[in-house]
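Participant: First, the structure itself, so that you have it in front of you.
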Amino acid sequence: MTVTDAPPEVHKGLAGVVADTTAISKVDSETNSLLYRGYPVQDLCAHRGFLDVAHLLWTGELPDATALAALTERERALRPIDRSLQALLMATPTTCHPMDTLRTAVSWLGSEDVREDDAGANATKSLRLLAALPTVVAIDQRRRRGQDPIAPDPSLGYSENFFHMTFGEVPAPEVVRAFEVSMILYAEHSFNASTFTARVVTSTLSDLYSAVVAGIGALKGPLHGGANEAVMHMLAEIDGPEAAQAWLAEALAGKRKIMGFGHRVYKRGDSRVPTLQRSLEEVVELTGAHDLLATHTALATAMHREKGLHPNLDYPAGPLYHLMGFDIPMFTPLFVMSRITGWTAHITEQLAANSLIRPLATYQGPARREVPAR
Ligand code: ACO
């Protein structure tokens, strides 16, 4: 026999629960908008770069020219990783997911960094991770292709350098810009699952690296960041735009989740999608991948007709990263490279006004009973 405690009401998945306040971003499902520290994210994409946005998320303000120059210089200086981490990366099995490599690398960086977790040290750690994670991701992508690492180039900007380290060349400026836009759009999204995970870990007064490792673990799942990979696998299954409707009917009949659709907060469409969709269309023009775009559009149309669900940010991100040349398992690590800014901003905010995060559960197990004597 089981007993159920008298309610309080259960909020499964914490849906609709307001757990704290934040000054970092505002997700407004009513107006379908996303503000970073008050600035509309699409305007940041139009006028600023990823490092400006990192500065904004971390400090609350956009940098002036002097502050941006200082941040740029420090980011470029912090890109290289030492031999011990390179050796660790090379020793990690290629059978593991790149998110596992990345999680291991962050754990290693934490073991090397014994600074206290005060706000000043955390600011340095945050920048170190922002600068070093692309180096780790690029080395991992290359070793999985049997290629040697390429050292960071301090003469190149953040995104250009990442392409250089991954592919040995920098693509057309439109492609670099599309990547930078994706980094800005992925950077921050209030109390999403991985950010909340990082805040939970921080609330115990654990360290920044532990919180980031936990965030990576949460982001990996296909209901969260892992969806950008799942979108591309799914598109690869569909045999052209004419096949999209039939493919969807079969998938829904089989109770499959259609990756890249739906959102816990946005019910009328994800505010970030139009901006990244435009970037995807620009890259399609350059690469000539019109069939892929047609299939992508046909599936979105069919999904809206069948389920009334809109695409989320992962839906344009998957094919965009594919057309840029990244292997599918690297897509979620690209999300980490961006979200490290939001996570670390939230870690700092949590620490500044900390309260242990510890919800309750309604017990539904067996009633009290005696332990039988042996
Ligand atoms: N495909 C098919 N059905 C869906 C989908 C989907 N992608 N999303 C929601 N639904 C259906 C559910 O089956 C459910 O139907 P039911 O009431 O008949 O059972 C209903 O819509 C409500 O769905 P929930 O999963 O309860 O909604 P929730 O708000 O909890 O989920 C989530 C949001 C997890 C994102 C969900 O939409 C989903 O699984 N999407 C696919 C994964 C994905 O794209 N994740 C990326 C999120 S955005 C990001 O991380 C950048």
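The values are calculated or read from the model by the stated rules, or taken from the named source; none is laboratory data. Since we're looking at a predicted model, the values are computed, not measured. Heads up, the Cβs are rebuilt from the backbone with ideal geometry, glycines too, and the neighbour counts pull from every protein chain shown. Only protein heavy atoms, including side chains, enter the accessible area calculation; ligands, DNA and RNA are left aside. Shrake-Rupley method; radii C 1.70, N 1.55, O 1.52, S 1.80 Å.
Participant: Which order do the peptides 166-174, 364-372 come out in when sorted by mean C-beta neighbours inside 10 angstrom, highest first?
Facilitator: Ranked from most to least packed, the peptides come out as 166-174, 364-372.
Participant: Project the alpha carbons of the chain onto their principal axes and report the range along each, largest first, in whole Å.
Facilitator: Here the Cα extents, ordered largest to smallest, are 70, 57, 47 Å.
Participant: Continuing with the same structure: Past 24 Å, Cα to Cα, is the threshold; run 12/257; 125/267; 12/125; 220/307; 255/307; 12/307 against it and keep the listed order.
Facilitator: Working: 12/257 19 Å; 125/267 36 Å; 12/125 35 Å; 220/307 26 Å; 255/307 12 Å; 12/307 22 Å.
125/267; 12/125; 220/307, as the Cα separations exceed 24 Å there.
Participant: Can I ask one more? How large is the accessible surface of residue 24 in square angstrom, using a 1.4 angstrom probe and rounding to the nearest 10?
Facilitator: Accessible surface of residue 24 is approximately 0 Å².
Participant: Quick check: pseudo-label points 7 Å beyond the Cα along Cα→Cβ at residue 363 and residue 61, how many nm apart are they?
Facilitator: Result for the modelled spin labels: 5.3 nm.
Participant: May I pose another question? Quick one: check the C-alpha center-to-center distance for the range 64-96 versus the range 235-298, whole angstrom.
Facilitator: 33 Å
Participant: Oh, and also: From the protein chains alone at 1.4 Å, what is the descending order of accessible area for 207, 270, largest first? Each step should come with its number before you reach the end.
Facilitator: Details: 207 45, 270 5 Å².
Output order, biggest surface exposure first: 207, 270.
Participant: Would you rank 90, 165 by solvent-accessible area, highest first, keeping every protein chain in place and using a 1.4 Å probe?
Facilitator: 90, 165
Participant: Could you rank the peptides 298-306, 14-22, 125-133, 28-36 by their average count of other C-beta atoms within 10 Å per residue, with the highest value first?
Facilitator: The most tightly packed comes first, giving 125-133, 298-306, 28-36, 14-22.
Participant: Let me have the relative contact order for the range 95-239, percent, based on Cα pairs under 8 Å that are six or more residues apart.
Facilitator: Numbers: 107 pairs, mean separation 34.1, N = 145.
Relative contact order comes out at 23 percent.
Participant: Same structure, new question: Can you list residues whose amide H is under 5 Å from residue 153's amide H, if they're 5+ apart or on another chain and H is modeled 1.01 Å from N?
Facilitator: Amide H neighbours of residue 153, under 5 Å, 5+ apart: none.
Participant: Across the range 147-164, in residue order, what do the Karplus-derived ³J(HN,Hα) couplings come to in whole Hz, using 6.51 cos²θ - 1.76 cosθ + 1.60 with θ = phi - 60° and x for Gly and Pro?
Facilitator: Coupling constants for the range 147-164: 10, 6, x, 10, 5, x, 10, x, 7, 9, x, 3, 6, 4, 4, 5, 4, 4 Hz.
Participant: Hey, another quick one. Along its three principal axes, how long is the range 239-334 when you only count alpha carbons? Whole Å, largest extent first please.
Facilitator: 34, 31, 23
Participant: When all protein chains stay in place, what accessible area (Å², nearest 10, 1.4 Å probe) is found for residue 26?
Facilitator: It works out to around 110 Å².
Participant: Return the long-range amide H neighbours of residue 312 (sequence gap of 5 or more, or a different chain), with a cut-off of under 5 Å between placed amide H atoms.
Facilitator: Hits under the 5 Å cutoff: 261, 262.
Participant: If each of residue 68 and residue 204 carries a label point 7 Å out from its Cα toward its Cβ, how far apart are those two points in nm?
Facilitator: Output for this residue pair reads 4.1 nm.
Participant: List the relative contact order of the chain as a percent without decimals, with contacts defined as Cα pairs under 8 Å and 6+ residues apart.
Facilitator: That works out to 25 percent.
Participant: Still on this structure: Tell me, what is the FRET efficiency for residue 83 and residue 243 to the nearest 0.05, using R0 = 41 angstrom and their Cβ-Cβ distance as r?
Facilitator: 0.25
Participant: Ordering 339, 74 by accessible area with a probe of 1.4 Å, largest first, what comes out?
Facilitator: Ranking 339, 74 by accessible area, largest first, yields 74, 339.
Participant: Another question about this same structure. Might you tell me the accessible area per residue for the chain, computed with a 1.4 Å probe and given in Å²? Intermediate results must be reported in sequence, preceding the final value.
Facilitator: Working: 17720 Å² over 374 residues.
It amounts to 47 Å² per residue over the chain.
Participant: Given the Cα-Cα distance of residue 12 and residue 116 and 0.36 nm per residue of separation, how much length would full extension add, in nm?
Facilitator: Going from the current span to full extension adds 33.8 nm.
Participant: Let me ask something else about it. Highest mean first, how do 80-88, 323-331 rank when packing is the count of other Cβ atoms within 10 Å averaged over residues?
Facilitator: Ranking the peptides 80-88, 323-331 by packing returns 323-331, 80-88.
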